[in-house]
Amino acid sequence: MTETHCPYCSLQCGLRLQGRRTPEVSAWEEFPVNEGALCRKGWNAAGLVGHRERLTTPLLRDRATGELRPGSWDEALDLVADRLRGLRAEHGPDSVAVFGGGGLTNEKAYQLGKFARVALATSQIDYNGRWCMSSAATAGTRAFGLDRGLPFPLADVEQADVVVLVGSNLAETMPPAARHLDRLRERGGQVVVVDPRRTPTADRADLLVQPVPGTDLALALGVLHLLVAGGHVDNAYVAARTTGFEEVRRAVAAWWPERVERVTGVPVEELRALVRLLADAGRVMVLTARGAEQHSQGTDTVLAWINVALALGQCGTPYGGYGCLTGQGNGQGGREHGQKADQLPGYRMIDDPAAREHIAGVWGVPPESLPGRGRSAYELLDALGTDAGPKALLVLGSNVVVSAPNASHVTRRLEALDLLVVADLVLSETAALADVVLPVTQWAEETGTLTNLEGRVVLRQRALTPPDGVRSDLDVLHGLAERLGSPVPFGTDPEEVFAELGRASAGGKADYSGITYDRIRDEQGVFWPCPAPAHPGTPRMFLDSFATPDGRARFHVVEHRGAAEQPCGDFPVHLTTGRVLAQYQSGAQTRRVRALPDDGPYVELHPTLTRRMGVTDGEPVRVSTRRGTMTAPARVVATIRPDTAFVPFHWVGANRLTNDALDPSSRMPEFKVCAAAVEAVVST
Ligand code: SF4
């Protein structure tokens, strides 16, 4: 029996895995994050072990037939290395790009960043986490000097008096986390949910606020306006621990409640009720997730809610403050170790000379050999195959054909490449387009660390022997680096890679240098920063000071701009997308698990809308945007705004519709809202 962690979301629930041929999942009650609870994805986490669609041999595209055919590892890696060498010789190092994933272990994320900068010498690396939490990360860094999704353990939620969830459906996306809301309410605390849909999380709410999609920022401005007007600002805290409040106070003066109602659709009385709850509470927690963040004004939206939490005197105090509920399994760690276009390990900025010096020293290469800042995730994909863009792409842990915004366009860009290489466990939609597919290990067959949404570093332990023919991502990078003549070797032992990662992170903002595999096992996870072996780790951050140069948190003046696309005559409905309980991300894994219902895609619509269209539940509807069209059955629900349609994004289709407008700071695409037309499909 092995104690390990779920392969899916950022909660990283602990579980036990027993048996080899047909392993079974059982509860690990002692692990504090989930106390034995799992969602149905976790209970069925062994569903991909021994799956008939599992890849066990490299696949190479046959030039004559255009089909993928089996090949040996040597043949596949030799071919990839030869083609990469040729492209680099002809077009330079930036002609080769790397795309990573927020589900990769810390060790893989670290090694992938190093591989790009050292073995390929390319600046062209980014990852799908850019589409997950980058707006919250940018906002957190600006406000607090440091981005750690939750700067406190998740269980602290229970001790707050009021928790405001903005754009989070945690009861469905990470159900074990919902027990903290239940315990909070048992204690007499209250939950506010801000969401255009009445979700299973909203069913637990004392107050549900359903703004027009894309207007969360205006709502926060209105909340702060009323807090100021009612004298509810914690002036002593603001004076002692923050800067910039005066400018923000003046800016929100224009956001009187009637204006907020006009923009957000939230009735004035509801806004006042929300403010009364906040004003009367001692400890307030504001938590955002993708609903607030995946917007072209996502960074400013998060900053506006941080302003609210700061004005209430909550950030950096016990059981209060602001946090982001990261989504992907290693959404937190994935962004710390160098997969991002602008960062080196330890959250170091790539254009900081001191950071380059330090990392180059750990890697054993000259600092001047490290490339500079590359393109962000969507911009990288958008440039593929263009004259100035990369000609080859190596993808690890991502299925962009399903998960990228404006996905049909991204698919065309992938098809324009000279070489597409995808490492995956199954033939995902992206792997199916590849010239070379490399079959890699899955969660239970490899050891590695992940950092959950609380900043707790956990250890996923190998419980099963991988099938013959399958290699780990670390083996793939080792094999390619060797063939490419890398100036330094790439190790394949995860514990050794983790130790190097710790040295690279030392002195950085996300310092792992005091964490070891043994400590993680003994302590059931260690919170970063942990700068020394004797350091206890840091479950709660900012209690004494923030990570800014003067130790104070920053208020930011932000203005509501609205979504990049507004409903109009041709596209009169707001379209929003999101997750469902039984599926995870692009669905490449969970759609193949037989015990999980594969019942999508579908389109949630309010009865007011479907009556006008003459559509009943289950009948097909066509959803169109300026970028594409999809057809799926209607699900008629009274839980959504009448002006809004919802499509889950785990299946091909939803992201053919979504908007690739980017947040100017975080480069987050506007997944969460665009203008759409919905019509009945008339059978002929
Ligand atoms: Fe826990 Fe998330 Fe896995 Fe569900 S998917 S068991 S909530 S880690």
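Tell me, yes or no, whether region 84-97 has at least one residue that is among the charged types (D, E, K, R), more than 16 Å from Leu420 (Cα to Cα), modelled with pLDDT of 95 or more and within 16 Å of the ligand (Cβ to nearest atom).
Initial filter on region 84-97 (among the charged types (D, E, K, R)): 85, 88, 90, 94.
From the residues that got through so far, the ones that are more than 16 Å from Leu420 (Cα to Cα) too are 90.
Next cut, modelled with pLDDT of 95 or more only: 90.
Retained after the next criterion (residues that are within 16 Å of the ligand (Cβ to nearest atom)): none.
No - not one qualifying residue is present in region 84-97.
Quick one: in region 23-53, of everything that is surrounded by fewer than 20 Cβ atoms within 10 Å (Cβ to Cβ) and of a type in the set (S, T, N, Q), which residue is nearest to the ligand (Cβ to nearest atom)?
Looking at the filtered set, the residue picked out is Asn44.
Only one of (1) at negative phi; (2) assigned by TED's automatic domain parsing to the domain that holds Ala645; (3) surrounded by 14 or more Cβ atoms within 10 Å (Cβ to Cβ) fails for Arg594. Which number is that?
Exception for Arg594: condition (3).
Restricting attention to region 89-113, which residues are in contact with a helix residue (DSSP H, G or I) (Cβ under 6 Å, 6 or more places away or on another chain) and either surrounded by fewer than 24 Cβ atoms within 10 Å (Cβ to Cβ) or in a helix (DSSP H, G or I) (or both)?
Scanning region 89-113 gives Ser95, Asn106, Glu107, Lys108, Ala109, Tyr110, Gln111.
Here are some conditions: (1) touching an Asp or Glu at 6+ places or on another chain (Cβ under 8 Å); (2) crowded, with 24+ Cβ neighbours inside 10 Å. Leu394 meets all but one. Which one does it not meet?
Result: Leu394 fails condition (1) only.
If you take the residues in region 4-22 that are within 17 Å of Asp522 (Cβ to Cβ) and in contact with a Lys or Arg (Cβ under 6 Å, 6 or more places away or on another chain), which one is farthest from the ligand (Cβ to nearest atom)? Working first, answer last.
Residues of region 4-22 that are within 17 Å of Asp522 (Cβ to Cβ), as a first pass: 4-5, 14.
The next check asks that each one be in contact with a Lys or Arg (Cβ under 6 Å, 6 or more places away or on another chain); those that pass are 4-5.
Values: Thr4: 11, His5: 7 Å.
Filtering region 4-22 for residues that are within 17 Å of Asp522 (Cβ to Cβ) and in contact with a Lys or Arg (Cβ under 6 Å, 6 or more places away or on another chain), the one farthest from the ligand (Cβ to nearest atom) comes out as Thr4.
Please name all residue pairs, on different chains or six or more residues apart, with Cβ atoms under 8 Å, provided the first residue is in region 635-651 and is touching a residue at least 60 places away in the same chain (Cβ under 8 Å) and hydroxyl-bearing (Ser, Thr, Tyr) and the second residue is buried (at least 24 other Cβ atoms within 10 Å of the Cβ) and part of a loop (DSSP other than H, G, I, E, B).
Correct list of pairs: Thr639/Thr199; Thr644/Pro196; Thr644/Pro213.
Of everything in region 172-190, what is within 16 Å of the ligand (Cβ to nearest atom), surrounded by fewer than 24 Cβ atoms within 10 Å (Cβ to Cβ) and hydrophobic (A, V, I, L, M, F, W, C)? Give them in sequence order.
We begin by selecting, within region 172-190, every residue within 16 Å of the ligand (Cβ to nearest atom); these are 172-182.
Add one more test, that the residue is surrounded by fewer than 24 Cβ atoms within 10 Å (Cβ to Cβ), and what stays is 172, 175-176, 178-182.
Answer for region 172-190, where residues must be within 16 Å of the ligand (Cβ to nearest atom), surrounded by fewer than 24 Cβ atoms within 10 Å (Cβ to Cβ) and hydrophobic (A, V, I, L, M, F, W, C): Ala178, Leu181.
What pairs come up if the first residue lies in region 312-323 and is of a type in the set (A, V, I, L, M, F, W, C), the second is assigned to a loop (DSSP other than H, G, I, E, B), and their beta carbons are under 7 Å apart, counting only those six or more places apart or on different chains?
Close Cβ pairs (under 7 Å, with a partner that is assigned to a loop (DSSP other than H, G, I, E, B)) amount to Leu312/Asp234; Cys315/Phe542.
I'm trying to understand the selection: among the residues of region 590-605, which are touching a Ser or Thr at 6+ places or on another chain (Cβ under 9 Å) and either modelled with pLDDT under 90 or in a loop (DSSP other than H, G, I, E, B) (or both)?
Passing the criteria: Leu596, Asp598.
Just to be sure, is Ala377 buried (at least 24 other Cβ atoms within 10 Å of the Cβ), at pLDDT 95 or above and closer than 28 Å to Ala434 by Cα?
Working: buried (at least 24 other Cβ atoms within 10 Å of the Cβ): yes; at pLDDT 95 or above: yes; closer than 28 Å to Ala434 by Cα: yes.
Spelling it out, Ala377 is indeed buried (at least 24 other Cβ atoms within 10 Å of the Cβ), at pLDDT 95 or above and closer than 28 Å to Ala434 by Cα.
Quick one: Ala139 ticks every box in (1) within 16 Å of the ligand (Cβ to nearest atom); (2) under 29 Å from Arg241 (Cβ atoms); (3) part of a helix (DSSP H, G or I) bar one, so which box is it?
Ala139 satisfies all of (1) within 16 Å of the ligand (Cβ to nearest atom); (2) under 29 Å from Arg241 (Cβ atoms); (3) part of a helix (DSSP H, G or I) except (1).
Is there a residue in region 64-80 that is within 14 Å of the ligand (Cβ to nearest atom), assigned by TED's automatic domain parsing to the domain that holds Val362 and touching a strand residue (DSSP E or B) at 6+ places or on another chain (Cβ under 7 Å)?
Restricting attention to region 64-80, the residues satisfying the condition of being within 14 Å of the ligand (Cβ to nearest atom) are none.
No - not one qualifying residue is present in region 64-80.
Condition check: away from the ligand (no atom under 16 Å from the Cβ), of a type in the set (Ser, Thr, Tyr) and in a helix (DSSP H, G or I). Does Thr299 satisfy that?
Numbers: away from the ligand (no atom under 16 Å from the Cβ): yes; of a type in the set (Ser, Thr, Tyr): yes; in a helix (DSSP H, G or I): yes.
Criteria met by Thr299.
Quick check on my filter: what residues within region 62-88 are part of a strand (DSSP E or B) and surrounded by fewer than 17 Cβ atoms within 10 Å (Cβ to Cβ)?
Applying the first criterion (part of a strand (DSSP E or B)) to region 62-88 yields 68-70.
Residues satisfying the conditions are Arg69, Pro70.
Answer yes or no: is there a residue in region 502-523 that is crowded, with 20+ Cβ neighbours inside 10 Å, hydrophobic (A, V, I, L, M, F, W, C), part of a loop (DSSP other than H, G, I, E, B) and not assigned by TED's automatic domain parsing to the domain that holds Leu453.
Among the residues of region 502-523, not one is crowded, with 20+ Cβ neighbours inside 10 Å, hydrophobic (A, V, I, L, M, F, W, C), part of a loop (DSSP other than H, G, I, E, B) and not assigned by TED's automatic domain parsing to the domain that holds Leu453, which makes the answer no.
In this structure, is Asp352 under 23 Å from Ala506 (Cβ atoms) and either surrounded by fewer than 24 Cβ atoms within 10 Å (Cβ to Cβ) or not assigned by TED's automatic domain parsing to the domain that holds Val497 (or both)? Before the answer, list the steps.
Numbers: under 23 Å from Ala506 (Cβ atoms): yes; either surrounded by fewer than 24 Cβ atoms within 10 Å (Cβ to Cβ) or not assigned by TED's automatic domain parsing to the domain that holds Val497 (or both): yes.
So Asp352 fits the description; yes.
Out of curiosity, is Thr242 at pLDDT 95 or above, farther than 25 Å from Gly551 by Cβ, among the polar types (S, T, N, Q) and surrounded by 14 or more Cβ atoms within 10 Å (Cβ to Cβ)?
On the way: at pLDDT 95 or above: yes; farther than 25 Å from Gly551 by Cβ: no; among the polar types (S, T, N, Q): yes; surrounded by 14 or more Cβ atoms within 10 Å (Cβ to Cβ): yes.
Here the answer is no, as Thr242 does not meet what is asked.
So, Thr215, is that one surrounded by fewer than 17 Cβ atoms within 10 Å (Cβ to Cβ), on the phi < 0 side of the Ramachandran plot and among the polar types (S, T, N, Q) or not?
Details: surrounded by fewer than 17 Cβ atoms within 10 Å (Cβ to Cβ): no; on the phi < 0 side of the Ramachandran plot: yes; among the polar types (S, T, N, Q): yes.
No; evaluated as a whole, the condition is false for this residue.
If you take just the strands (runs of 3 or more DSSP E) that sit entirely in region 1-61, which of them hold at least 3 residues that are not aliphatic (A, V, I, L, M)? Before you say what the answer is, go through the steps one by one.
Details: elements: 2-5, 14-18, 24-27, 59-61.
Those strands (runs of 3 or more DSSP E) span 2-5, 14-18.
Pick from Gly338, Gly323, Gly329, Gly334: which is within 16 Å of the ligand (Cβ to nearest atom) and in contact with a Pro (Cβ under 7 Å, 6 or more places away or on another chain)?
Numbers: Gly338 fails: within 16 Å of the ligand (Cβ to nearest atom); Gly323 fails: within 16 Å of the ligand (Cβ to nearest atom); Gly334 fails: in contact with a Pro (Cβ under 7 Å, 6 or more places away or on another chain).
The conditions single out Gly329.
Can you go through Ser545, Ser486 and tell me which one is surrounded by fewer than 16 Cβ atoms within 10 Å (Cβ to Cβ) and either within 15 Å of Leu450 (Cβ to Cβ) or hydroxyl-bearing (Ser, Thr, Tyr) (or both)?
Numbers: Ser486 fails: surrounded by fewer than 16 Cβ atoms within 10 Å (Cβ to Cβ).
Going through Ser545, Ser486 in turn, just one is surrounded by fewer than 16 Cβ atoms within 10 Å (Cβ to Cβ) and either within 15 Å of Leu450 (Cβ to Cβ) or hydroxyl-bearing (Ser, Thr, Tyr) (or both): Ser545.
The values are calculated or read from the model by the stated rules, or taken from the named source; none is laboratory data. Here the structure is a predicted model, which means the values were calculated and not measured. Every residue, glycine as well, gets a Cβ built from its backbone with ideal geometry; the counts of neighbours run over all protein chains shown.
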